[in-house]
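First up is the structure itself, then whatever we jot down about it.
The values are calculated or read from the model by the stated rules, or taken from the named source; none is laboratory data. In this text the structure is predicted, and so the values were computed from the model without any measurement. Because the Cβ atoms are built from the backbone with ideal geometry, glycine has one as well, and the counts that use them run over all protein chains shown. Keep in mind that these areas ignore ligands, DNA and RNA; they rest on the heavy atoms of the full protein, side chains included. Shrake-Rupley method; radii C 1.70, N 1.55, O 1.52, S 1.80 Å.
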Amino acid sequence: MIGSPSATNGAIDAVWRIESAKLIAGLARMVRDVGLAEELAQDALVVALETWPGTGVPDNPGAWLMAAAKNRALDYYRRTKLLERKHEELGREIDAEHEMAAADFAAAVDAAIDDDIGDDLLRLVFTACHPVLSTEARVALTLRLLGGLTTDEIARAFLVPEPTIAQRIVRAKRTLAEARVPFEVPRKDELAARVSSVLEVVYLVFNEGYSATAGEDWMRPTLCEEALRLGRILAGLAPKEAEVHGLVALMEIQASRALARVGPSGEPILLLDQNRARWDQLLIRRGLAALERAEALDRGQGGAPSGVLGPYALQAAIAACHARALTAAETDWARIAALYDALAQLVPSPVVELNRAVAVSMAFGPEEGLELVDALASEPALEGYHLLPSVRGDLLAKLGRFDEARAEFERAASLTRNARERKLLLERASASQSRFRVVK
């Protein structure tokens, strides 16, 4: 059935969001060039935009787009006089697809290419997140190839000029081509490091959505949703990787608080002040289930035994402590402090120590927390980090040292680039000033 042009265009946009990553991944396996694969996929999209308004959206739009893209691939090889070199390889694939379902053929080819994990999408994930690329390039390319986001959408999400994002994507593709990065899942000896690179990208995307570093909004839900979608896909593609499930658990539980984190006017609401009835219980259940899978794999049930939770699973366990507490007062802060101890031993960093200090203060009193925070004052990595004076201001206020607290909140406000957070910190500074005057 043929709908209106606007309805058809909307359907094409929805199909592209769903199918583009699979389309690019399948083409990349054929042509062994991610940049070329995306160009061919975009060509197929143009053909769909020209054809479908007149014919209607086909019953299997993904297969239609793949067929159109493969035709473009053949045209490309003819134009570049490379058909002779690729004819036998592509011809075998096209002939085989006439004899079997596309999914069966892809599975057969994948099995021949890689005996460990045979999936085009997984190869695309590892290629887009290859360590040869900068972190910014990995994020942009992942959102472009796997998220189906336009350059403009990525630019707006990160408050970066569109030409900057476009340059990052172009350079990333060129770097992959020049470095001859293979389109494959890394072998077992390098898999752990490469998985870590992928998870870093996904969590960076989520964090930018969960607590925006700059701009007018406290949260950017689109980025959170995109990271969650990528994490869930990755968990399905790599079901035996404990840290993949750990990251999914962490994002699910954190995302469950989204509605409670923002007030009616967009103002931030801190964790202990949130209305927990607004927490999404479905996301919490999904997160706890993912955490259980990560813990089972770390115990050796279905995966290589390690006996130690990874950093994402440990952070998920911390988030689970909050999720299981019906009220803020019921939070098991002693367990959270112990989990931060384990995290600090596994991945020592000043930021982890700052979070541990908060947990210690909640479990054992603000004096102990402040002692730990003061020990971090000279850390170069925390210079200019607004949460250090913010945490210190909070602890000083709890100890009744309101004038010192005001100064710390003001300093924190001067360091943050997020307008909503700056306003909150200045309000806390003003409240501390008022209480100081009362105390005096």
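Take a quick pass over the chain and tell me how many lysine pairs come in under 19 angstrom between Cα atoms, counting only ones 8 or more apart or on separate chains.
Working: Lys22/Lys70; Lys22/Lys173; Lys70/Lys81; Lys70/Lys86; Lys188/Lys240; Lys398/Lys440.
For the chain, qualifying lysine pairs total 6.
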Just how much of Ser211 is accessible, in Å², when a 1.4 Å probe is used and the result is rounded to the nearest 10? 50
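Could you work out the helix-only [θ] at 222 nm for the chain, with each DSSP H run of four or more residues adding -39,500 (n - 2.57) and the total divided by the number of residues, to the nearest 500 deg cm²/dmol? Don't jump to the answer; show the numbers that get you there.
On the way: 20 runs with 313 residues, N = 440.
The helix-only estimate for the chain comes to -23500 deg cm²/dmol at 222 nm.
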What FRET efficiency do you get for Glu178 and Val46 if R0 is 41 Å and r is their Cβ-Cβ distance, rounded to the nearest 0.05? 0.90
Other-chain or far-sequence residues with amide H under 5 Å of Gly215's (modelled H): Ala419
Would you grab the residues whose amide H sits under 5 Å from the one on Val262? Only those 5+ places off in sequence or on another chain, please, with H modelled 1.01 Å from N. Ile269
Simple spin-label model, 7 Å along Cα-to-Cβ: Val347 to Val308 in nm? 1.4
Scan (i) 66, 50, 38; (ii) 86, 50, 41; (iii) 62, 56, 47 for the value of Cα extents along the principal axes in Å calculated from this model and give just the label. (ii)
Rounded to the nearest 10 degrees, the helix 102-113 long axis (Cα) sits at an angle to the longest Cα principal axis of the chain of 80
Given 0.36 nm per residue, what is the gain on full extension from Arg17 to Arg422 after removing their alpha carbon distance, in nm? 142.3 nm
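Where the accessible area of the chain is counted over protein heavy atoms with a 1.4 Å probe, how much of it, in %, is carbon and sulfur?
Details: 11460 of 21410 Å².
Looking at the chain in its full context, I get 54 percent from C and S.
Could you give the length gained on full extension between Arg299 and Thr55, defined as 0.36 nm per residue of separation minus the Cα-Cα distance, in nm? Walk me through the numbers before you get to the answer.
Details: separation 244, 0.36 × 244 = 87.84 nm, distance 5.45 nm.
Length gained between Arg299 and Thr55: 82.4 nm.
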If I ignore ligands, DNA and RNA and count only protein heavy atoms, how much of Trp64 is accessible to a 1.4 Å probe, in Å² to the nearest 10? 80
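Multiply the residue separation of Ala375 and Val132 by 0.36 nm, subtract the distance between their alpha-carbon atoms, and state the gained length in nm to one decimal. It would help to have the intermediate numbers written out before the result.
Values: separation 243, 0.36 × 243 = 87.48 nm, distance 3.60 nm.
Difference between extended and current length: 83.9 nm.
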Among Leu376, Ala166, Ala73, whose Cα sits farthest toward the positive end of the charge dipole of the chain (+1 at Cβ of Lys/Arg, -1 at Cβ of Asp/Glu, about the Cα centre)? Leu376
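With a 1.4 Å probe and every protein chain left in place, work out the accessible area per residue of the range 230-349 in Å², rounded to a whole number.
Details: 5470 Å² over 120 residues.
Result: 46 Å² per residue.
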Heavy-atom accessible area per residue - the range 117-186, 1.4 Å, Å²: 40
How many angstrom lie between the C-alpha centres of the range 390-440 and the range 281-296? 36
List, in order, the whole-Hz ³J(HN,Hα) value for each residue of the range 405-421 obtained from phi through the Karplus relation with A = 6.51, B = -1.76, C = 1.60 and θ = phi - 60°; use x for Gly and Pro. 4, 4, 4, 5, 5, 5, 5, 4, 4, 6, 9, 6, 9, 9, 5, 5, 5
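Relative contact order, percent, of the chain when contacts are C-alpha pairs under 8 Å separated by at least 6 residues? Provide the component values of the computation, followed by the final result.
Values: 588 pairs, mean separation 43.4, N = 440.
Relative contact order, the chain: 10 percent.
Would you mind working out the magnitude of the charge dipole of the chain relative to its Cα centre, with +1 at each Lys and Arg C-beta and -1 at each Asp and Glu C-beta, to the nearest 20 Debye?
Details: 52 positive and 63 negative charges, 195 e Å.
My answer is approximately 940 debye.
Under a 1.4 angstrom probe, counting protein chains only, how are Glu136, Glu225, Glu153 ranked by accessible area, largest first? It would help to have the intermediate numbers written out before the result.
Working: Glu136 100, Glu225 120, Glu153 50 Å².
My answer, sorted largest first, is Glu225, Glu136, Glu153.
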Among Ala334, Val308, Ala429, which residue has its Cα positioned farthest towards the positive end of the charge dipole of the range 291-440, with +1 placed on the Cβ of Lys and Arg, -1 on the Cβ of Asp and Glu, and the dipole taken about the Cα centre? Ala429
Counting only residues 5 or more apart in sequence or on a different chain, those whose built amide H sits under 5 Å from that of Val57 are Gly3
Could you pull out the trypsin sites (Lys or Arg not before Pro) across the range 180-240 that fall in loop regions by DSSP (anything but H, G, I, E, B) with no more than 12 other Cβ atoms inside 10 Å? Arg180, Arg187, Lys240
Between the range 170-197 and the range 35-61, what is the C-alpha centre distance in whole Å? 28
